[in-house]
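Some notes on the structure that comes next.
Where a number appears in this text, it was derived from the coordinates with a stated rule and is not lab data. Given the structure is predicted, the values throughout are model-derived calculations rather than measurements. Methodologically, a virtual Cβ is constructed for each residue, glycine included, from the backbone with ideal geometry; neighbour enumeration extends over all protein chains shown.
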Amino acid sequence: MTYKYLRFCVWSGVTFFFLFFIACVGAGFIPPPSPHLTGEELLAIAAQNRTGFRVGMMAGYIGALLLVPWSVGISYFMARIEGGRFPVMAFVALGAGIANAVAFFLPFVFWSGAYYRLDNNPGLVRLLSDMTWLEFVMLYTPFFLQTIAIAVVGLSDKSATPTFPRWFCFLSIWVCILVIPGGFAIFFESGPFAWNGLIAFWIPVTVFTIYFSAFVPLLFKAIRRLEASNAGGEPV
């Protein structure tokens with residue numbers, strides 16, 4: 001059953017990715033709205049696509065929950081690499097992964113509240129929109145911490161067939177660097193560092209997609225390798 005649970009964890013991550021994509025497309029957040037839009041303009045956009053927006057919100061906060069089993073699966077393999085009774089970095093990655101799930105969950109709750117009533121005060125709608133988009137692009141730190149922990153453990157793995165190859169560990173470090181600019185969105189209302197800009201939004205989204213696409217097959221391969229090495233018995 002352990003292998004089935006591990007596959008469930010990986011498939012949870014895959015499902016999160018597709019639900020998150022559906023959420024952003026359904027809500028009309030691709031591309032993100034301009035920071036210069038007024039509350040009236042934001043409400044008018046929401047009124048044109050109420051059903052798609054609501055479906056997107058549901059898909060988003062359901063998908064965010066799936067980051068928890070995804071993080072558990074990653075931490076399991078990190079713990080095997082670390083060994084010992086207390087795999088510190090595996091626990092760091094798990095805690096950061098849970099915090100990351102919350103960071104993805106909250107925007108969909110706030111957006112839902114902002115556009116729940118079309119007669120809401122436009123000023124409050126704009127305030128909630130600003131708060132939510134800034135949280136969305138600035139709260140990169142849990143993902144950063146989890147990814148760094150993965151890279152550290154992966155680089156320490158001296159086995160012949162490492163779960164996280166060295167190229168993937170260096171990719172993790174580059175991803176960490178490239179998501180940092182989102183934290184500067186608070187200083188800009190336009191340009192590449194704004195929440196809808198190239199550096200603060202599009203580059204982090206692109207590198208996250210590349211990273212995730214590389215991560216999934218590595219984990220499935222690790223599960224198959226674990227099954228082969230423990231044929232006839234459960235994994236340690």
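Tabulated results
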| read-out | value |
| --- | --- |
| Semi-axes of the equivalent ellipsoid for the chain, Cα gyration tensor, largest first, Å | 37, 19, 13 |
| Cut-off 10 Å between beta-carbons: net charge of the residues surrounding residue 163, Lys and Arg +1, Asp and Glu -1 | +2 |
| Coordinate range along principal axes, alpha carbons of segment 1-89, Å, largest first | 58, 27, 15 |
| Rg/Rg_ref, segment 83-139, where Rg_ref = 2.2 N^0.38 Å and atoms are Cα | 1.66 |
| Cα-projected label distance for residue 62 with residue 156, points at 7 Å along beta-carbon direction, nm | 3.9 nm |
| Packing-based order for 202-209, 133-140, using average beta carbon neighbours within 10 Å, highest first | 133-140, 202-209 |
| Principal-axis tilt of helix 166-179 within the chain, Cα atoms, nearest 10 degrees | 20 degrees |
| For segment 41-87 and segment 111-172, distance of Cα centres in Å | 10 Å |
